[in-house]
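The values are calculated or read from the model by the stated rules, or taken from the named source; none is laboratory data. Given the structure is predicted, the values throughout are model-derived calculations rather than measurements. Quick reminder, even Gly has a Cβ in these numbers, built from the backbone with ideal geometry, and neighbours come from all protein chains shown. These area figures cover heavy atoms from the full protein model, side chains too; ligands, DNA and RNA do not enter into them. Shrake-Rupley method; radii C 1.70, N 1.55, O 1.52, S 1.80 Å.
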Amino acid sequence: MIKQGVNAMKKILLISGVVLLIFIVSFGYYFYQLSPVSSESKKIEVLIPQGSSGSSIADLLSKKGLIRNADVFKLYLKVYNVKGLNYGKYILNTNMDVPKIIKTLQGKPVADKIVISFIEGYDIPKIAKKIANSTNNTEEDVYALLKDESYLDELIAEYWFIKSDIKNDKLYYPLEGYLFPDTYFFENKDVTVKDVFRAMLKQMDKVLSQYKEEIALSKFTIHEILTFASIVEKESLTKSDGDLVASVFYNRLEKKWTLGSCPTNCYATRTENCVPKKVVPKYQSPYNTYLENMGGKLPVGPISSPGKNAINSVLKPVKSDYMWFVADKNTKSYFYVTNSEREKGIADLISKGLWFD
């Protein structure tokens with residue numbers, strides 16, 4: 001009898017263990033299916049048709065690659081008795097989990113909002129023009145805020161990456177390089193310049209926070225990192241280009257050479273559509289990296305808004321022996337170790353009709 005009781009108890013424990021294991025696995029599977037499909041940020045536009053059911057919305061989101069499992073999404077709607085999913089255009093993100101997606105779909109569609117896209121490499125004048133064209137603000141409103149000393153002091157106190165460097169009177173614009181280029185959504189055209197800047201600075205905070213370890217180990221200040229990245233942004237069109245461009249500039253700085261960057265010269269002279277033939281080498285400006293006294297130095301401040309790839313190229317540099325680079329009129333880049341190699345490369349591009357001129 002005792003032996004039978006022990007065996008019965010073992011069976012009960014075994015069955016209980018199996019049931020518990022199945023429950024744990026099922027529970028884990030369920031919550032995994034509610035998690036974001038990716039840790040990377042990728043915005044996806046979704047149009048929810050009027051009269052859509054929760055089931056049809058789940059199928060649409062699954063087709064768009066925004067949720068892991070349509071059936072689990074439907075189950076979630078049923079278990080939590082979710083109501084109030086709206087129709088219209090929404091901008092969702094692959095890094096959103098199911099609860100966040102649902103909360104977004106319960107809010108206003110973006111049709112009621114305004115969308116402003118700032119492209120990598122934009123400078124303050126282009127940002128000001130974009131804001132003026134997209135909101136009820138003027139370009140003068142943007143420049144007026146940038147001249148507001150108390151506002152700049154507030155930013156220095158609020159953001160860890162903004163220091164007194166932005167108050168250098170040699171800078172053309174205090175926040176040049178600090179406003180992260182991305183797509184932003186605002187309630188309406190009455191959004192203030194401060195609110196636009198806040199969104200852009202918040203995103204820059206988010207990006208730079210991913211590199212706090214590299215920033216701490218860098219020989220450059222954050223202002224210099226953004227300055228460096230802004231030049232890399234203007235000098236390159238692809239991530240691989242950016243990595244090699246950054247390596248060229250690192251090599252030049254180490255040898256105390258001037259950077260000789262066309263975009264810094266064009267920024268100094270406020271010349272648009274920068275190409276080598278528009279460069280004024282001896283133009284006196286702390287932005288002009290063609291000047292002899294700029295050997296081994298970065299310009300006084302950023303010349304554009306760098307994106308994440310450019311920032312990454314500066315904070316996680318690749319090694320190379322390159323000291324020169326040029327690009328042809330089709331924007332393909334070429335890198336060289338010596339100036340003689342560079343001159344031969346240019347001659348070859350000219351002979352093929354690929355040089356800028």
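Side notes on the structure shown:
- Helices (runs of 4 or more DSSP H) (entirely within the stretch 1-114) containing at least 2 residues that are modelled with pLDDT under 70 and at positive phi: none
- The stretch 148-170, residues that are within 19 Å of Ala268 (Cα to Cα) and open to solvent by 30 Å² or more (accessible area, probe 1.4 Å): Asp165, Lys167, Asn168, Asp169, Lys170
- Restricting the stretch 248-268 to residues that are open to solvent by less than 10 Å² (accessible area, probe 1.4 Å) and not hydroxyl-bearing (Ser, Thr, Tyr), the residue that is nearest to Lys297 (Cα to Cα): Leu259
- Candidates in the stretch 35-70 are the residues that are open to solvent by 60 Å² or more (accessible area, probe 1.4 Å) and touching a residue at least 40 places away in the same chain (Cβ under 8 Å); of these, the one that is farthest from the chain's Cα centre (by Cα) is Leu47.
- Among the residues of the stretch 271-322, those that are closer than 30 Å to Ser41 by Cβ, among the β-branched types (Val, Ile, Thr) and surrounded by 21 or more Cβ atoms within 10 Å (Cβ to Cβ) comprise Ile303, Ile311, Val314.
- The set of residues in the stretch 215-240 being open to solvent by 50 Å² or more (accessible area, probe 1.4 Å), assigned to a helix (DSSP H, G or I) and farther than 15 Å from Ser333 by Cα consists of Ala216, Leu217, Glu224.
- The stretch 272-319, residues that are over 24 Å from the mean Cα position of the chain (by Cα) and of a type in the set (A, V, I, L, M): Val275, Val279, Val280, Leu291, Met294
- Residue in the stretch 171-186 that is assigned to a loop (DSSP other than H, G, I, E, B), open to solvent by 20 Å² or more (accessible area, probe 1.4 Å), in contact (Cβ under 8 Å) with a residue 60 or more places away in the chain and not aliphatic (A, V, I, L, M) present: yes
- Looking across the stretch 115-133 at every residue that is open to solvent by less than 60 Å² (accessible area, probe 1.4 Å) and either out of contact with any helix residue (DSSP H, G or I) (no Cβ under 9 Å at 6 or more places or on another chain) or aliphatic (A, V, I, L, M) (or both), the one that is modelled with the lowest pLDDT is identified as Ile116.
- Flag for Lys212 being surrounded by fewer than 21 Cβ atoms within 10 Å (Cβ to Cβ) and closer than 14 Å to Asn312 by Cβ: yes
- Yes/no for Lys194 being at pLDDT 95 or above, closer than 21 Å to Ile116 by Cα and either in a loop (DSSP other than H, G, I, E, B) or under 21 Å from the mean Cα position of the chain (by Cα) (or both): yes
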